[in-house]
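The numbers here are math on the coordinates, done by the rules we state, and not lab data. Nothing here was measured: the structure is a model prediction, and the numbers come from that model. Because the Cβ atoms are built from the backbone with ideal geometry, glycine has one as well, and the counts that use them run over all protein chains shown.
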Amino acid sequence: MHFGIADASVWLVLIAVRLQLCTCSKYTCAIGSDGFCIFQGVHIESSEQAANVQLEPPAGAAADVTRVKFRDSSMVALPSSLYGAFRQLQELRVWWMHLHSIHIDPRLLSLDAEKNRISSITTEPGTVPLLRKLELNQNRLRNIDNISVFENLEVLELAHNDLRTLDLCVFQRMPKLRLLDLSSNNLALVRSSIGAEKLASLTVLYLNDNRLTYLDLSILRSFPALEKVHLANNALVYVDHDSLPTMLPRLRVFHLQTNDWHCEGLAELIGQLRKTGVQDFKTFSAFSCKERMVEGICCTENKPFALVRKSNQYLASYTSELNGHTRHLMRELQHTRHEVARLIANDNYTQVSLQNIGDEVEELRNQLTDALSSPDPVTGRPVKPPSAAAGSRTAPGGSINPERLVAEVAKLRRDFQKMTGENQTLRQQVRQYEKLRQELEALRTDTNETKLAFQLMKEENALLRQDLNQLEQKLQQLFSRGTAV
């Protein structure tokens, strides 16, 4: 049997169509005993392949499926057809899927994507997702700035990721957030630039198992409903706690164990926590400590740490005073702005008044010129004002008295000069206020630089504490070797 060139081209077309059909995979889920529609054996190795995977609900059950999960599967990305095939989807569970990124549909209410390789999260732009629960433990997140779009979150779990520094302002648009888990990351710095907003629903905060060496508890002032705070297993030496009792009135659990506490600072902190009503400071008591223990928590009496602590307290006091001074200057600047606006309005009014007076003077001058140049109606000669009529308004024959007009012009001129002087004074005041505003702006810049310098000093103090801790360990090793010898 022989094939011609035309037959070969037909076979090639058929093979190409067959290959194209094979690239589109179709999977159907099955309803499990727990109510989830379960997909099994879904394998996606690229984003292009994810676009060619078709997911389907069981026959006749498309409208009833609200919960989906994947089992024994491997996907670098979710299939593009997932949210389109399940319009009523509310809960999605994707464990151990090797996902590198994940897209969250705005209609989804709960997502459990633990134990993947997720480094980025996306959603539909310009929407506020309905998501209430987001579990992303054990992934590879290093930046969560875009998580603020999930304004309806109630539970957010981000443990065992790779967060290094964090500003709590990313959560300020989540008024319903109740639980926040940031444990087991690489957090070395936690700060807050949240303004006057309050997250009144947050009750549980996990910051344990990180690399924190210093923490200012004033960053928690935006969470007045906190009941449990976990700070165990960090490298904390001490924390600032001046306004703790009034700031967190509902606090009952504050775990502190397994840190590098200085004994004096730890005792003061526990005293403040007791005033708040806290009775639970640890999950377990230490069996033995190198130096001392306070309330079952190990601490050190190392003197250099006390020195660092005092320097930090001094810096905190200085910054507080500087902030108060800055607030006062800001109020003065605001008052100055109002005064400048008022002066500018007065200046505009003065300019209009001066213009009106100038117009009136010009009109009177024209009338005077016309009166002096007009001839007598009887003799036809120019009118000469007699001395006897100097005090009258009109000259003989009913004409305008020039002397009277000259007096009025002089009076208007004096008024004009007076208003010009007032205008000049107002302009000088405006220049003075402008100079004051520039000085306040320069002071604000200096204040921002001081704040930055203070933050850098805090970080340097944290590094100094680590160096002192290492030095202490080396000295103890040397002492132990000397004792052994």
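Fully extending the segment from S201 to D162 would add 11.4 nm, taking 0.36 nm per residue of separation and subtracting the current Cα-Cα distance.
Given R0 = 35 Å, the distance between the Cβ atoms of Q466 and F287 translates into a calculated FRET efficiency of 0.85.
Taking the average, over residues, of other Cβ atoms within 10 Å as the packing measure, peptides 230-240, 106-116 rank 230-240, 106-116 from highest down.
Listed by chain and number, the aspartates and glutamates whose C-alpha is less than 15 Å from the C-alpha of K435, apart from same-chain residues fewer than 8 away, are E332, E339. Remark: spin-label model distance R117-R178 equals 3.5 nm, labels positioned 7 Å along the Cα→Cβ axis. Residue pairs exceeding 27 angstrom between C-alpha atoms, taken from K198/K228; K282/K474; K228/K474; K26/K69; K176/K228; K282/K451: K282/K474; K228/K474; K282/K451. Relative to the current alpha-carbon distance between S148 and R337, full extension at 0.36 nm per residue lengthens the span by 64.5 nm.
Straight distance only, please: which lysines reach the Cα of K458 with their own Cα at less than 20 Å, same-chain residues fewer than 8 apart left out? Hits, sequence-local ones excluded: K303, K310. For a straight C-alpha distance cut-off of 14 angstrom, the aspartates and glutamates reachable from K411 (same-chain residues fewer than eight places away being disregarded) are E360, E362, E403. In this calculation the C-beta distance from F416 to F454 is compared with R0 = 41 Å, giving a FRET efficiency of 0.10. Taking the Cα centre of the stretch 163-303 as origin and assigning +1 to Lys and Arg Cβ atoms and -1 to Asp and Glu Cβ atoms, the resulting dipole is close to 420 debye.
Just the C-alpha atoms of the stretch 163-303: what Rg/Rh do they give, with Rh taken as the Kirkwood radius? Rg/Rh: 0.95. Between the C-alpha center of the stretch 121-144 and that of the stretch 211-281 there is a gap of 29 Å.
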